[in-house]
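The values are calculated or read from the model by the stated rules, or taken from the named source; none is laboratory data. Fair warning: this is a prediction, and the values are worked out from it, not measured in the lab. Here the Cβ positions follow ideal geometry from the backbone for every residue, glycine too, while neighbour counts run over all protein chains shown. Quick note on the areas: whole protein, heavy atoms, side chains included, nothing else; ligands and nucleic acids left out. Shrake-Rupley method; radii C 1.70, N 1.55, O 1.52, S 1.80 Å.
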Amino acid sequence: MKTLDLISSAASNTFRSKTRTILTVLAIFVGAFTLTITNGLGTGINRYIDDTVTSIGAEDVMTVTVTPDADSGFGGGSGPTEYDPAAVAGGGFGPGEGGTVVALTPDDLDTLATIDGVLDVEATKSISPDWVQYGDGTQYVTSIGGLVSGQTVQLAAGAAPATDASRLELNLPVSYVEPLGFADADAAIGETITIAITDAERTQHLVEATVVGVAEESIAAPGAGGLVVNAALTDSLYETQNIGIPTDQQERYAQASIRFDPSTSSEEITALKERLSNAGFTGTTVADQLGTVKTVIDAIVLVLNAFAVIALLAASFGIVNTLFMSVQERTREIGLMKAMGMGSGKVFGLFSLEAVFIGFLGSAIGVGIGMIVGTSISSLLSGAILADLPGLTLIAFDPLSISVIILVVMAIAFLAGTLPAARAARADPVESLRYE
Amino acid sequence: MNTPIIRVTDVHKSYGRGPNRFDALKGVTFDINEGESIAIIGKSGSGKSTLMHVLALLDAPTSGTVELEGVDTSTLKGKNLNRARNKTFGFVFQQFFLTANASVLENVMLPMKIAGIRRSERKLRALAALEQLEMVDKAKNKAINLSGGQKQRSVIARALVNNPRIIFADEPTGNLDTVTGAVVEDILFNLNREHGITLIVVTHDEELAARCDRRMYIRDGLLVTDTTEVAA
Ligand SMILES: Nc1ncnc2c1ncn2[C@@H]1O[C@H](COP(=O)(O)OP(=O)(O)OP(=O)(O)O)[C@@H](O)[C@H]1O
Ligand SMILES: [Mg+2]
């Protein structure tokens, strides 16, 4: 029998007992559908994270902190941590957030600059403002972050704060626009807002700055969802905050940013981290920080996929059952085909192809409907509860993983079909023809 | 004389083992020449079907040899065995063994599908065979919807579509009334006479047996009478 004839015979045989085939296909459909949705979820979220990393444009920036000694911090031994006068409260994005970290001194910054592969070092000045206010409006607690060189802001209106301007400029996140009392994002541009900050002597100072842009919020936005300020404003706020601190104590930074060659490969980045770590520092890229998010998402998707695969395994027993019944019913036909000179291999092929075809039907329909449902769910959600995360397609599909799903289901179906197919292949023509 | 198309030498066939062992054939020896029509006659359980299965290479004898055109069939394995089955034999069974929900045409094309013949040629040859049996108008019908006689004619069309050398017919008229049975018999003997196809019929029916060139009586697994030998 020719292969093409074998395939078309197998396909038409599946429709001989329609109800049975449809039920089996339905069971596979459920598994394939679930697999499509869960995979789409992983693809969608991870794609969003990747897009975010790219749009920030800070692939060549690494955040550096001093690696804490093994016995300090939470990781070390039990008991209270010894007081370290060199420690400062950590701020911003990075390890040690909320706790204390060992501060970077100007000496450390010099050391960093000499490390091979480091193009540029910039200390991150951590600023803790009290509140922000527009006119006589309500005062809101906020956080402040600067733009690391090379970083870009996804803007809803206006422009990013000019790095080299002497004017005090900032960007507001979209979510601040209405609470502060602006009609819309465009209305905020060019307005002056007030930032309150307390110095070391507990005196509160007011600093005024101009809104030049409104930034979209995203999980990795510069300034971590707070105000994004330019260098001039950073310096001004930092000086105000440090009033009353002895000069030799002023230059203490929780972290610094270093820049490296944008063409650096990931192996070279690893090597750079190695060198930093040898010098007593810890380097983290934006991709690293989001990498942990991705790992968590991958793990969740993996668990969900496991459920889908369990559904598929249950469905594969359906295939086994369907085919055993089919082999039973067609005992005589098998005997006759063998008597007419059909080899056992072809008989095996005929029945296992039937299983594969059932698997194909179930997975193709499951994947098709899964894609339609997934697409409509994500477009519904992106207009509603996910409206704050523009650009996020919750459930997205890429052709590779879709074809992998179909192939995996077909492979499972094939495996399920081998048992009944082997029985058919072993059938003795004489016994089959005597079978009543 | 030419080599016989089938030569059977001291064939034994037993089923089961030990105390359950049953000898269905207890040593049969005979030759069949090309173009003969032969009836294998005997009571129920005498071993007729068993002998036919051995002759048609569906079952291997427990001992003894079956030669097909001088070739010991125990040497045929896998592909060669399947080729010999496909090219040499056609089968007509009492219970028809048609695929119920497939069309008559599909059923008749099955042996050629197995042989790997192109679809267009399959169709041509199947229609020609149905033509020969006056069944062309039923080609598109489902096999399940045919009368007994029509079913048996479809089966005969399927048996001869691959131009076999030998047609085996196990009780070909067993499920048919006398009139239809006579028609089917005529068709089979006609194939034998006109096309030189060797015909081996397994039957209880003395009348059908009487129409054959040669009658072999089987009792309890032994060949008791062979009309050729009697005549010789
Ligand atoms: N697979 C088997 N296992 C055990 N005994 C078997 C088997 N197949 C056939 N037999 C026995 O072999 C003997 C011959 O069977 P066979 O089918 O050849 O008889 P038959 O002459 O064709 O009978 P009928 O006219 O009823 O078809 C019977 O007694 C039968 O019970
Ligand atoms: Mg019989």
Past 27 Å, Cα to Cα: identify those pairs from A:Lys18/B:Lys151; B:Lys48/B:Lys87; B:Lys13/B:Lys43; B:Lys77/B:Lys142, in the order given. B:Lys77/B:Lys142
What accessible area, in Å² to the nearest ten, does a 1.4 Å probe give for A:Ile385? 130
Whole-Å distance linking the alpha carbon centroid of region A:249-314 with that of region A:110-161 is 21
Can you send over the solvent-accessible area of A:Val303, 1.4 Å probe, protein chains only, in Å² to the nearest 10? 80
In a Gaussian network model of chain A with springs linking alpha carbons closer than 10 Å, the residue among A:Gly349, A:Gly40, A:Gly31 that fluctuates most is A:Gly349
For region B:125-168 the trypsin sites (Lys or Arg not before Pro) that pass both the DSSP coil test and the at-most-14 other-Cβ-within-10 Å test are B:Lys140
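Expressed in nm to one decimal, what extension gain is obtained for the pair A:Thr203 and A:Leu302 from 0.36 nm per residue of sequence separation less their Cα-Cα distance?
On the way: separation 99, 0.36 × 99 = 35.64 nm, distance 5.28 nm.
Contour length minus Cα-Cα distance gives 30.4 nm.
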Here, A:Thr418 and A:Ser17, labelled 7 Å along Cα→Cβ, have an inter-label distance in nm of 2.3
So for the pair B:Ala182, A:Ile377, with labels modelled 7 Å out along Cα→Cβ, what separation do we get in nm? 7.4
log₁₀ I(q)/I(0) of region A:1-44 at q = 0.21 Å⁻¹, via Debye over equal Cα point scatterers, no solvent, to two decimals? -0.74
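Calculated from DSSP H runs of 4 or more alone, at -39500 (n - 2.57) each and per residue, what is the 222 nm mean residue ellipticity of the protein assembly as shown, nearest 500? Intermediate values should be presented prior to the final figure.
Numbers: 21 runs with 312 residues, N = 668.
Helix contribution divided over all residues of the protein assembly as shown: -15500 deg cm²/dmol.
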Select from A:Ser401, A:Ser17, A:Ser175 the residue whose mean-square fluctuation is largest in a Gaussian network model of chain A (Cα-Cα springs shorter than 10 Å). A:Ser17
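Checking understanding here: applying a Kyte-Doolittle mean of at least 1.6 and a length along the axis of at least 20 Å (C-alpha), which whole DSSP H helices in chain A pass? All intermediate terms of the calculation are to be shown ahead of the outcome.
Working: long enough: A:18-56 (55 Å, 0.69); A:286-329 (62 Å, 1.46); A:344-383 (58 Å, 1.44); A:399-426 (39 Å, 1.72).
The qualifying helices are A:399-426.
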Surface accessible to a 1.4 Å probe, B:Arg7 within the full protein complex, Å²: 90
Helix B:119-132: angle to the longest alpha-carbon principal axis of chain B, degrees 0 to 90, nearest 10? 80
Hey, for a label at A:Asp288 modelled as a point 7 Å past Cα toward Cβ, could you say which residues of region A:101-138 have their backbone N under 14 Å away? A:118
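Any idea what diffusion coefficient region B:6-227 gets from Stokes-Einstein, in µm²/s, Kirkwood Rh on alpha carbon pairs, 10 °C, 1.306 mPa s?
Values: Rh = 18.0 Å.
The calculation lands on 88 µm²/s.
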In vacuo Debye sum over C-alpha of chain A, base-10 log of normalised intensity I(q)/I(0) at q = 0.08, 0.09 Å⁻¹, listed in q order, is -0.65, -0.73
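Can you work out the FRET efficiency for the pair A:Asp164 and A:Glu268, with r the C-beta to C-beta distance and R0 = 22 Å, to the nearest 0.05? If you can, show how the numbers build up before the last one.
Numbers: r = 30 Å, r/R0 = 1.36.
It comes to 0.15.
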Out of B:Phe96, B:Phe30, B:Phe22, any idea which swings most in a Gaussian network model of chain B, alpha carbons joined below 10 Å? B:Phe22
With axes computed from alpha carbons, what is the tilt in degrees of helix B:104-115 against the longest principal axis of chain B, rounded to the nearest 10 within 0 to 90? 60
